[in-house]
Amino acid sequence: MSETVSLTYGSEEGDFYMQHIKRTELFERNNHFHSTYEIYYLLSGHRTYFIKDRSYLIGPGDLVFINKYDVHKTSDVGEPGHERVVINFSDKFIDKDQSLYHPSLFNVFEQPAHVLSLKLQDQIFTRSVLDKLDKELKEKATGFETYIKLLLVELLLFSSRYAERNEAAPFEHASPLHRKISEIVQYINKNYAQPMTLSGMSEQFYMSPYYMSRTFKEITGFTFIEYVNMTRIREAQLLLRESTRKIIDIADSVGFENIAHFGRMFKKLTKLTPHEYRKLHRQ
């Protein structure tokens, strides 16, 4: 793979992570949902970004916001290659006990459309904030941890105000097929606990199994079964964090008939066993 990394700081599941990278070949990330908020800014190239239940075509100057645990995946459009900046941060990084906290900072993660298409003047401002973050994280001068927090708050406030001032254009699916796949994804999101097979779903949505399998992968970036399993594991994570239910009951309630299969899939997607995950999030 050919890539130029300008900056990598922290880890995606840590309190603060930032990466600035330029790639000239095909690339796919492996971490498709996580406990941190994500901000994605595209500097060059074009990408398809599947978020939650629909796909967006994004280009240079687009700022993308992904809430905690929302499923997402990017893929190339046309010629491979792009330059982007990604920021991930945790609730702890800007929590309610800090003087910098304000509820409006997180409004942009709750908006129906996940993408802000910035005007040129606003692109220049966003780039200046990102350049300052880049500089602070490279030089690590006295008090840089405080300054990166201030810069992140500035970016979040700007974005929330931008979203308030500029009413989002009504979301239009790229094609009737995109709309159909979005309907299937929404159905999975609501009915993940029920038995689901490719043949059964394709019959329900009036598509051949082969055609549905191929188009689902093309539009979402995931195979049908990958997406079903991810949705079930994501819901299991929620129950492990917020309830005291037995793990075997949780597995059953999210659609896994076999506890061993649940354990294998959970470890594959989260790198932890269900027991380890629960223990970590109870500390």
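The values are calculated or read from the model by the stated rules, or taken from the named source; none is laboratory data. These numbers were taken from a predicted model, which means no experiment stands behind them. As a convention, Cβ positions derive from the backbone with ideal geometry for all residues, glycine included, and neighbour counts pool all protein chains shown. Only protein heavy atoms, including side chains, enter the accessible area calculation; ligands, DNA and RNA are left aside. Shrake-Rupley method; radii C 1.70, N 1.55, O 1.52, S 1.80 Å.
Pairs spanning more than 29 Å between alpha-carbon atoms, out of K96/K132; K96/K268; K246/K268; K119/K217; K190/K217; K22/K217: K96/K268; K119/K217. Using C-alpha pairs under 8 Å with a sequence gap of at least 6, the mean separation divided by the residue count of the chain gives a relative contact order of 15 percent. In the Gaussian network model of the chain, springs joining C-alpha atoms below 10 Å, which of S99, S55, S213 carries the largest mean-square fluctuation? Its mean-square fluctuation being the largest, the pick is S99.
Could you look at the range 34-133 and say what percent of its accessible area is carbon and sulfur, using a 1.4 Å probe and all protein chains? Intermediate values should be presented prior to the final figure.
Details: 2060 of 4020 Å².
Looking at the range 34-133 in its full context, I get 51 percent from C and S.
Picking from Y49, Q194, M212, whose Cα lies most toward the positive end of the charge dipole for the chain (charges on Cβ: Lys, Arg +1; Asp, Glu -1)? Going by the Cα projections, it comes out as Q194. Rounded to the nearest 10 degrees, the inclination of helix 209-220 to the longest alpha-carbon principal axis of the chain is 10 degrees. Rounded to the nearest 20, the size of the Cβ-charge dipole of the range 50-89 about its Cα centre is 220 debye, with Lys and Arg at +1 and Asp and Glu at -1.
Which of rounded, prolate, oblate describes the range 162-283, given a ≥ b ≥ c as roots of the alpha-carbon gyration tensor eigenvalues and a/c under 1.5 marking rounded, otherwise prolate only if a/b is larger than b/c? Oblate.
Accessible surface calculations at 1.4 Å, restricted to protein heavy atoms, place the chain at 52 Å² per residue.
In a reduced charge model with +1 at each Lys and Arg Cβ and -1 at each Asp and Glu Cβ, the chain shows a dipole moment near 500 debye about its Cα centre. Along the axis of the charge dipole computed for the chain (Cβ charges of +1 for Lys and Arg, -1 for Asp and Glu, origin at the Cα centre), the listed residues I124, S35, F256 are led at the positive end by F256.
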